[in-house]
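Written out below as structure tokens is the structure these notes cover.
Each value in this text was obtained by applying a stated rule to the coordinates, not by laboratory testing. All values derive from a computational prediction rather than experimental measurement. Note: ideal-geometry Cβ built from the backbone for every residue, glycine included; neighbour counts use all protein chains shown.
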Amino acid sequence: MSETEKVEKEADHHPYRRPRDAATLILIDRSGAVPKVLVGKRHDKVVFMPGKFVFPGGRVDKSDNRVPVAAPISKALEANLLRGSPKITPSRARALAVAAIREACEETGLCLGLKSNGAMLEGPWKPFSEAGLLPDPSSLFLIARAITPPGRVRRFDTRFFTADASAITHHVQGVIHADAELVELVWVEIGSKPLADLHPMTKNVLNELEKRLATGPLSHDAAVPFFHFYGGKMHRDILSEA
């Protein structure tokens, strides 16, 4: 069965579901000759992509729009997030970037933050308060946007961000263990074997990141690809102003 037939078959079995906003963070270590990215191995018993290596990420929460931050997202990042359709607000753009930081801290224990003025954060943000930090989205770059094909049980409109490993300012111990969502964390060189088993869409995004890194330092001026499906096929467009 072709990929097109698979998509159409799933669409026959599941009603249309509106994609939910989600964010993923790809952390890069460029201290060596070959850049490394951080991947986590998912537990074998989770529903979504069991046993697969993934980048930390998940859905946007209500708290992501309200939590105080140490520094705002850059205007250039905001402009990239506002591209495409449906049109979103600047506050939604901020929430997407902040969600990437929250998910990374929740799933890996690695937190991107700066020293705070004593603001007390609760819930998923408590590790930042305990370390005297506020989340810092100012170092993030947008690499790609992708929407899960129609007909799937779970659909996400995901923005893929990247940040340098030097932006990690706190490590929460005990997050990775045998019963956690992620059971292992590995820094792997781009192009190495563990990355060969990534979800096809995630590999597309990683290829985009690799091309960006090959041209020099990351820049907000680079074109941002948008992967989405229509007519039973995946299309790669470039995000533009709506």
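Once you order the gyration tensor axes a ≥ b ≥ c over the Cα atoms, which shape class does the stretch 48-120 get: rounded for a/c under 1.5, otherwise prolate or oblate by comparing a/b with b/c? The partial results should precede the final answer.
Working: a/c = 2.01, a/b = 1.09, b/c = 1.84.
Oblate, because a/c is 1.5 or more while a/b does not exceed b/c.
Tell me which residues come under 5 Å, amide H to amide H, from SER116 once H is placed; ignore anything under 5 positions away on its chain.
Excluding prolines and chain starts, which carry no amide H, the hits are LEU133, LEU134.
Show me, for the stretch 72-80, the HN-Hα J-couplings you get by feeding each phi into the Karplus relation (A = 6.51, B = -1.76, C = 1.60, θ = phi - 60°), rounded to Hz, glycine and proline as x.
After applying 6.51 cos²θ - 1.76 cosθ + 1.60, I find x, 5, 5, 4, 5, 5, 4, 4, 5 Hz.
Quick one: which residues, 5+ away or cross-chain, put their amide H under 5 Å from the amide H of ARG17? H built at 1.01 Å from N.
Those lying under 5 Å, H to H, from ARG17 are GLY151.
For LYS115, give me every one of the lysines with a C-alpha distance below 19 angstrom, ignoring sequence neighbours fewer than eight places off in its own chain.
Cα-Cα hits under 19 Å: LYS126.
Calculate how steeply helix 200-214 sits against the longest principal axis of the alpha-carbon atoms of the chain, using the helix alpha-carbon long axis, and give the answer as 0 to 90 degrees to the nearest 10.
60
Could you work out [θ]222 nm for the chain from helices alone, using -39500 (n - 2.57) per DSSP H run of at least four and dividing by all its residues? Round to the nearest 500 deg cm²/dmol.
Value at 222 nm, helices only: -7000 deg cm²/dmol.
Ranked from highest to lowest mean number of other Cβ atoms within 10 Å per residue, what is the order of the peptides 129-136, 102-109?
In descending order of packing, they fall as 102-109, 129-136.
Between LYS75 and LYS203, what is the spin-label point distance in nm, taking each point 7 Å from the Cα along the Cα→C-beta axis?
4.1
Using the basic label-point model (7 angstrom from Cα toward the beta carbon), what is the ILE190 to GLU130 distance in nanometres?
3.4
Enumerate the calculated ³J(HN,Hα) couplings along the stretch 125-142 in order (Karplus 6.51 cos²θ - 1.76 cosθ + 1.60, θ = phi - 60°), each rounded to whole Hz, writing x wherever the residue is Gly or Pro.
Calculated HN-Hα couplings, in order: 8, 4, x, 5, 4, 4, 9, x, 10, 10, x, 10, x, 5, 9, 7, 10, 8 Hz.
Specify whether the C-alpha gyration tensor of the stretch 3-238 places it in the rounded, prolate or oblate class, a ≥ b ≥ c being the square roots of the eigenvalues: rounded for a/c under 1.5, otherwise prolate if a/b is larger than b/c and oblate if not.
Rounded, since a/c falls under 1.5.
Return the Cα extents of the stretch 127-211 along principal axes one, two and three, sorted largest first, each rounded to a whole Å.
That gives 42, 33, 30 Å along the principal axes, largest extent first.
Using the 10 angstrom Cβ neighbour count as an exposure proxy, how do VAL175, VAL98 rank, fewest first?
Least crowded to most crowded, the residues run VAL175, VAL98.
Given R₀ = 25 Å, FRET efficiency for HIS170-ASN65 by Cβ-Cβ distance, to 0.05?
Efficiency, from the Cβ-Cβ distance: 0.65.
Would you please give the FRET efficiency between ALA214 and ASN117, computed as 1/(1 + (r/R0)^6) with r the Cβ-Cβ distance and R0 = 45 Å, to the nearest 0.05?
Here the calculated transfer efficiency is 0.65.
In the neighborhood of PHE160, defined by Cβ-to-Cβ distances under 11 Å, what is the net charge if each Lys or Arg adds +1 and each Asp or Glu adds -1?
+1
How long is the gain from LYS45 to LEU82 if the chain were fully straight, where each residue apart is worth 0.36 nm and the alpha carbon distance is subtracted?
Stretched out fully, the LYS45 to LEU82 stretch lengthens by 9.7 nm.
Select from the stretch 178-242 those trypsin sites (Lys or Arg not before Pro) which occupy a DSSP coil region and have at most 15 other Cβ atoms within 10 Å, ordered by residue number.
Listed in order of number, the matching sites amount to none.
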